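What follows is a short report on a single structure.
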Amino acid sequence: MSTISIIGSGGMAAAIGGLAAKAGHTVEVTGRDATKARALAEQIGSRATTGRFGAAPAGDLVILAVPYSAVLDVVEQYGEKLAGKRIVDITNPIKSDFTGFLTPEESFGAREIAKVAPANATIVKAFNTQNAQVLAAGPVDGRPLDVFIAGDDSQAKAHVSAFIESLGLRPMDAGQLTMARTLEHACMLWLGLMTHSIKHPNFSIGVSLLV
């Protein structure tokens, strides 16, 4: 197993961190609010540690578990401390009223992150279509949840896929990083379904294989 660094201390950080610790990974939690980061590390248990915000993450896999409204600033603050890291972008650049996206019309969240990250860091989109509570609860009726991923680096995607599988989830490769735009729109679909059709957040978007 490996060391996983999570930047953030909210619901998705708790869900991914908890699953990672249960799977035997070493989890490092960092955040601007050191008190919240320590509290989450204690909640995760299994020897989870806290790192100093802005310092080089201990893990080769770094999960950006902060809101999109803050993520570009966070990545810029870390700067070259993220050089050579495999960065997992779980964010969704969606406006608070769900009417559109915060990114320029010709771009998408993962691309904007890649612009401010070190040139030799690799970006993989993943986990952005999952709800934290559903993710933390794990498989239903023995069926693993699907985690869609997108990225340009095949080795980075293989690393992230192996991590996802270790959590008892099913990675589904959607293609190059440009497909992250579609995955961000899939989150908007999830929000629309929750608001207008399903009326609660306890569901997951996945793939049913018929053969």
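The values are calculated or read from the model by the stated rules, or taken from the named source; none is laboratory data. This is a predicted model, so every value here is computed, not measured. As a convention, Cβ positions derive from the backbone with ideal geometry for all residues, glycine included, and neighbour counts pool all protein chains shown.
Filtered by the rule that a residue be touching a residue at least 60 places away in the same chain (Cβ under 8 Å) and touching a Lys or Arg at 6+ places or on another chain (Cβ under 7 Å), the stretch 61-83 gives a lone residue, LEU61.
Against the numbered list (1) under 15 Å from the mean Cα position of the chain (by Cα); (2) of a type in the set (Gly, Ala, Ser); (3) surrounded by 17 or more Cβ atoms within 10 Å (Cβ to Cβ), ALA136 comes up short only at (3). A count restricted to the stretch 9-31 and to residues that are within 14 Å of the chain's Cα centre (by Cα) and either polar (S, T, N, Q) or part of a helix (DSSP H, G or I) (or both) stands at 11.
Residue-by-condition table, conditions (1) farther than 18 Å from ILE123 by Cβ; (2) out of contact with any helix residue (DSSP H, G or I) (no Cβ under 8 Å at 6 or more places or on another chain):
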{"residue": "GLY24", "(1), (2)": "yes, no"}
{"residue": "LYS36", "(1), (2)": "yes, yes"}
{"residue": "LEU40", "(1), (2)": "yes, no"}
{"residue": "ALA48", "(1), (2)": "yes, no"}
{"residue": "LYS81", "(1), (2)": "no, yes"}
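For the stretch 32-54, a residue qualifies if it is outside any loop (DSSP other than H, G, I, E, B), of a type outside the set (A, V, I, L, M, F, W, C) and either under 12 Å from SER5 (Cβ atoms) or touching a Gly at 6+ places or on another chain (Cβ under 8 Å) (or both), and the qualifying residues are GLN43, THR49, THR50. Remark: pairs (first residue in the stretch 7-25, within 22 Å of ALA56 (Cβ to Cβ); second residue among the hydrophobic types (A, V, I, L, M, F, W, C) and surrounded by fewer than 20 Cβ atoms within 10 Å (Cβ to Cβ); Cβ separation under 7 Å; 6+ apart in sequence or on different chains) = HIS25/MET1. Being at pLDDT 95 or above, within 19 Å of ASN92 (Cβ to Cβ) and not in a strand (DSSP E or B): is that true of VAL71 here? Taking the combined requirement at face value, the residue satisfies it.
In the stretch 19-37, the qualifying residues are those that are over 19 Å from PRO67 (Cα atoms) and not β-branched (Val, Ile, Thr), and the one that is surrounded by the most Cβ atoms within 10 Å (Cβ to Cβ) is ALA20. Is it true that GLU184 is surrounded by 22 or more Cβ atoms within 10 Å (Cβ to Cβ), at pLDDT 95 or above and either on the phi > 0 side of the Ramachandran plot or among the acidic types (Asp, Glu) (or both)? Considered against the rule, which asks whether it is surrounded by 22 or more Cβ atoms within 10 Å (Cβ to Cβ), at pLDDT 95 or above and either on the phi > 0 side of the Ramachandran plot or among the acidic types (Asp, Glu) (or both), GLU184 comes out as yes.
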